[in-house]
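Dropping a structure here in structure tokens format, bear with me for questions.
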Amino acid sequence: MSVFQLLLPAFVAGLVLTGMLSYLGLHVVERGVIFVDLSLAQIAALGTTVAVLFGRDIHSTTAYLFSLGFTILGAAIFASSRFHRRTRIPQEAIIGIAYAVAAAAAILAMSKVTGETEHLKEMLVGNILSVSWPELGKIAVLYAAIGALHWILRQRFLMISLDEPEAERQGISIRFWDFLFYVSFGFVVTSSVPIAGVLLVFSYLIVPAVSAMFFSNRIGPRLAIGWAMGAIVTAIGVYLSYAFDLPTGATIVTTLGAALVVLAGLRGLVGRRSPVA
């Protein structure tokens, strides 16, 4: 197998992840729920751990359904946490508590699981370099379906993310649409984390979205900037991981961080002459 054949699936996987996660990242950043990805990933891992505890194989359909079911439960919790305006409890606090409890419960469950502990840990770390074309095909189909859903319902999702008071004024059920958003988000997280790991999924979600905000206030340009950045940085990260024999996921995450610093510096240099559009 040539180097190109070895690295191409990882690069394509990065493009697929960037395409979906950069868009979701715009919503996450605007809503101020930055760590919802980590929390949902941990809740999904808890579901898989419980499935293994009941004797199911970690890669089985049953384990996936357990993971998805727990993620939907997490979506319901996050959607119902919009009460923070009346109680002065930030939604991010609820998300953090859910993460801590899910992590602790997963540790307790893993203490009773024999032989699968390392596999469960690897699930959260991921290995994007080992992704197969059939796996990529399934992920692409799922992302296309979720992307179509968000396109059809984009006005409601964007209004709630960008102008929640206006959505409330129009009588839109914030909790229902939040629940639908977090469920779709949960499908993405549940399918992405086993391939790429928590850190890489989180980075694809947040870094392109934040980078795009340096240069535009409009959704269209932000998406274009985020997608372009994700594609270029993925190519650089995959190449550097091969050239210097480094873990691919960690290399891409580090490269994304370096690119964010460069873009922030660039924005600082041109900011006085070029206002954000």
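Any read-out appearing in this document is the output of simple, stated calculations on the displayed coordinates, not a laboratory observation. Everything quoted here is computed from the prediction, not taken from an experiment. Here Cβ is always computed from backbone atoms with ideal geometry, including for glycine, and neighbour counts include all displayed protein chains.
Where does the Debye-calculated log10 I(q)/I(0) of the range 129-168 sit at q = 0.31 Å⁻¹, using only Cα point scatterers of equal weight, no solvent?
-0.93
In the chain, what is the volume of the convex hull around the alpha carbon atoms, normalised per residue and reported in Å³?
Convex hull of Cα atoms, per residue: 140 Å³.
Now a separate question. Could you give me the ³J(HN,Hα) list for the range 126-133, computed from phi with Karplus coefficients 6.51, -1.76, 1.60 and θ = phi - 60°, whole Hz, x at Gly and Pro?
x, 8, 5, 5, 9, 5, 9, 5
How far apart, in nm, are two points set 7 Å out from the Cα along the Cα-to-Cβ line at L73 and at L266?
4.5 nm
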